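See structure below.
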Amino acid sequence: MNVRKIDPRDIAYIEDQCIYRVYFSDREPDAPEIEAGNTFEWEISGADIEQVIDWINENRLDRAYSLYLYTDRNHERILYHLISKDRYGNPAATKVDP
C-alpha cells in the first residue's frame, strides 16, 4: 500500500451519483481447473458504497464476487475494480471478470 499527502484543490469535480457493477460467481475457487461456472451481473445506482456492500452481503448466497465502480468517459465504458471476495468472505486472489 502506498500513502501520500495530497492537495484537495486538484480535483476538477466530484461525482455524487456513482454507478456500481457487481459480478457474482458460483465457480468453485478451490478447483481452478474447472473453468465453467455461472456469473450473475448487476448494476446498482442511487446508493452509497456502504449500501452497495450491504446489498451484496444480503444477496451473494455464498458466491464469490467482485465490485467495480462504473464510468463512461468519452463513450468508453470503464470499470474500476474496488474489491473481490471469495465465497467464504475472504479477500479473493482472483477477480470475477465481466
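The values are calculated or read from the model by the stated rules, or taken from the named source; none is laboratory data. A quick note: this is a predicted structure, and the numbers were derived from the prediction, not measured. Positions of Cβ are backbone-derived with ideal geometry, glycine not excepted, and every protein chain shown enters the neighbour counts.
Filter region 14-34 for residues that are more than 18 Å from Gln51 (Cβ to Cβ), modelled with pLDDT of 80 or more and in contact with a Gly (Cβ under 8 Å, 6 or more places away or on another chain) and give the result.
Ser25, Asp26
Quick check: anything in region 2-13 part of a strand (DSSP E or B) and either of a type in the set (Lys, Arg) or modelled with pLDDT under 90 (or both)?
At the first step, the residues of region 2-13 found to be part of a strand (DSSP E or B) are none.
No, because not a single residue in region 2-13 is part of a strand (DSSP E or B) and either of a type in the set (Lys, Arg) or modelled with pLDDT under 90 (or both).
For region 68-89, how many residues meet the condition of being within 15 Å of Asp26 (Cα to Cα) and either modelled with pLDDT of 90 or more or polar (S, T, N, Q) (or both)?
2
Out of (1) surrounded by 16 or more Cβ atoms within 10 Å (Cβ to Cβ); (2) in contact (Cβ under 8 Å) with a residue 24 or more places away in the chain, what's the single condition that is false for Asp62?
Asp62 satisfies every listed condition except (1).
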